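Working notes for the structure below.
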Amino acid sequence: MPPRRRDRRRPRDPSPPPSDARAPPSASGIRLTLLAPVVVLLLVLAALGFSGRLSRSPPHPQTLQTTAHSVYERGLVKRDVSSREILAEHTRISEKRSQRQFPNPVLAYVTPWNSKGYDMAKLFSAKLTHISPVWYDLKSDRNMLVLEGEHNFDATWVSELQSNGSLVVPRVVLEAFPAVILLEKMQKAKAIDLIVSECRDKGYDGIVLESWSRWAVYGVLDDPELRYMALQFVKQLGEALHSISSKSSNRHLELIYVIPAPRMQELSNQDFRPEDLLQLADALDGFSLMTYDFSGPQNPGPNAPLKWVQHSLTTLLSAKGSSPSRNHSRMIFLGINFYGNDFLLSRGSGGGAITGRDFVHLLEKYKPSLQWDEKSLEHFFIYSHEGVRHAVFFPTLMSLSLRLDEARNWGTGLSIWEIGQGLDYFFDVL
């Protein structure tokens, strides 16, 4: 994946971290098949005069309310949904917070720049098997390796989550120069030791490792020898973590690896391939698959079209020698976005990520009409500000429920980016 294009993960004010999904190509393939009808639909709706205005609002805390009935029992999971209904219901959650609707593992990311996620992790810990605070970066400092992010550690928060049965597996981004880690034996050992020691010292249950995007930028994935060495590094880290027992779970420390979702029918060197999965599977505990950010400012559209999600799983789990091909589906944490996007449709391209707070503000002020796109199976609406038309795609209970059904059918888990960005009642579907 190429360098950062925008930050779906941070609030849009300054601006996803180093793992940003690449800007989708404009070549033919699954992208054009899915996106063309959406673009036409957006332009038609824009011509019809749907309007609204995006005005960033100051934080306005909402009071979380409980109700005896879930969103399913209240009839809220549907295609025909209105702004008024979302505004009235999004802070009301089922009082049965510990009752799980989704039976498989759920990995939830939490970011320091969106502190609401810390509270939601504690509140809904019974539904979250793994919680990954986005805390660490392993960097090169001249001839040294440095693990930055220790200052983010919150011992009380970690202990409380673990006492509730969740595994705490902080994310570590491998920012260090690949040549340092992959080609220098002592530095490779040092990198592994830094990560393992931090897990041991802080009492973590393992980590989530992110490195694929950095390796793509530096050309590591284009060189067969370097690619092999990169995969060997991940395996060695997994083996090192597996050699240590977690203090909270009486299991070995876990390693979950972040991987991009395939973009096109034909895989490129930058794609994570089925054979890569097979090579790593025995030494890892899971793969966090980034099935979101399908569209971008240059080609506005849905966040995660369901056909693309299906294509990603089919491609990734079709390796030769893995019979049946779904043997490894249980290791996949299927990516689910709790954020949305606001794209410009006129006067050039642009736009970016919005959180639930931004989405609610739009609904409160303009009460737009939400449309259901039959191609992507997502909701969106159009608004206009000073003659510039925008398209907003944001997850809804219906779009989330359909993607959870897909995960159930495949037997995969979920990985949510990230739980501080969505609407409160999203947790009812988990």
Filter segment 112-134 for residues that are among the basic types (K, R) and under 12 Å from G420 (Cα atoms); the one that is surrounded by the most Cβ atoms within 10 Å (Cβ to Cβ) is K116
What number of residues within segment 161-175 are surrounded by fewer than 24 Cβ atoms within 10 Å (Cβ to Cβ) and small (G, A, S)?
2
Pairing a residue in segment 170-193 that is among the small types (G, A, S) with any residue that is in a strand (DSSP E or B), where Cβ atoms lie under 7 Å and the two sit 6 or more apart in sequence or on different chains, gives A176/L138; A176/K139; A176/S140; A176/L145; A191/L138; A191/L145
Of all residues in segment 114-129, how many are touching a Pro at 6+ places or on another chain (Cβ under 8 Å) and modelled with pLDDT under 95?
1
Of everything in segment 372-394, what is buried (at least 24 other Cβ atoms within 10 Å of the Cβ), under 16 Å from G352 (Cβ atoms) and not small (G, A, S)? Give them in sequence order.
F380, H390, V392, F393, F394
Filtered residues of segment 81-95 (kept if of a type in the set (D, E, K, R) and surrounded by 15 or more Cβ atoms within 10 Å (Cβ to Cβ))
E85, E89, R92
Any residue at all in segment 379-402 that's under 22 Å from L76 (Cα atoms) and among the charged types (D, E, K, R)?
no
Using the structure shown, decide if G348 is out of contact with any helix residue (DSSP H, G or I) (no Cβ under 8 Å at 6 or more places or on another chain), modelled with pLDDT under 95, not in a strand (DSSP E or B) and not aromatic (F, W, Y).
yes
Quick check, is V71 in a loop (DSSP other than H, G, I, E, B), more than 30 Å from E210 (Cα to Cα) and out of contact with any Asp or Glu (no Cβ under 7 Å at 6 or more places or on another chain)?
no
For segment 67-80, give me each residue that is of a type in the set (V, I, T) and either crowded, with 17+ Cβ neighbours inside 10 Å or under 18 Å from H361 (Cβ atoms) (or both).
V71, V77
Options L414, L400, L317, L404; residue that is within 28 Å of P274 (Cβ to Cβ), buried (at least 17 other Cβ atoms within 10 Å of the Cβ) and modelled with pLDDT under 95:
L317
Tally of residues being more than 23 Å from the chain's Cα centre (by Cα) and over 18 Å from G422 (Cβ atoms) across segment 358-373
6
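The values are calculated or read from the model by the stated rules, or taken from the named source; none is laboratory data. All values reported here derive from a predicted model rather than from experimental measurement. Counting neighbours? That spans all protein chains shown, and the Cβs are built from the backbone with ideal geometry, glycine included.
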